[in-house]
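In what follows, a single structure is set out as C-alpha cells and then discussed.
The values are calculated or read from the model by the stated rules, or taken from the named source; none is laboratory data. The shown structure was predicted, so the numbers you read here are calculated from the model rather than taken from an experiment. Note: ideal-geometry Cβ built from the backbone for every residue, glycine included; neighbour counts use all protein chains shown. Quick note on the areas: whole protein, heavy atoms, side chains included, nothing else; ligands and nucleic acids left out. Shrake-Rupley method; radii C 1.70, N 1.55, O 1.52, S 1.80 Å.
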Amino acid sequence: MGKKYVYFYFMKENPEKIAQTVPHHVNFWKESNVNDYMGGPFSDRSGGLITFKANNIDEATKIVNKDPFVIENLLLEKWIKEWLAD
C-alpha cells in the first residue's frame, strides 16, 4: 500500500520556461500511475504541493526527480516528507 508523501516546492523566477514546462509536469503526474496522486499549484503560482504514496523515501525521491520541473531546474526549493495523514 505504501506510505503517504508530500512534495512541496517553490518555483524560480523564469515565467517563460515554466509556462513551457507546465504541460509536461502535469502530464507526468497524471500519467505516471503514482498511487493516490493529488496535487496542484498554489493560487499565486509560486509553487505547488503534491501528495502520493511510495514504499519509502528513496522511491518517493526517485519519482520526484523525474518531474519535468526538477529536470529543467525550475525549482527554487523542494521538500519531500513522509506525511502521517489518515
* Residues (of a type in the set (S, T, N, Q) and surrounded by 13 or more Cβ atoms within 10 Å (Cβ to Cβ)) located in the stretch 1-31 -> N14, Q20, T21
* Does I80 satisfy being in contact with a Gly (Cβ under 6 Å, 6 or more places away or on another chain) and not acidic (D, E)? -> no
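Kindly provide the set of residues from the stretch 36-51 that are over 12 Å from the mean Cα position of the chain (by Cα) and open to solvent by less than 90 Å² (accessible area, probe 1.4 Å), ordered by number.
Listed by number, the residues that qualify are D36, F42, S46.
Residues checked against (1) hydroxyl-bearing (S, T, Y); (2) under 26 Å from L84 (Cα atoms); (3) touching a Pro at 6+ places or on another chain (Cβ under 6 Å); (4) in contact (Cβ under 8 Å) with a residue 60 or more places away in the chain:
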position	(1), (2), (3), (4)
K3	no, yes, no, yes
N14	no, no, no, yes
V26	no, yes, no, no
S32	yes, yes, no, no
M38	no, yes, no, no
S43	yes, yes, no, no
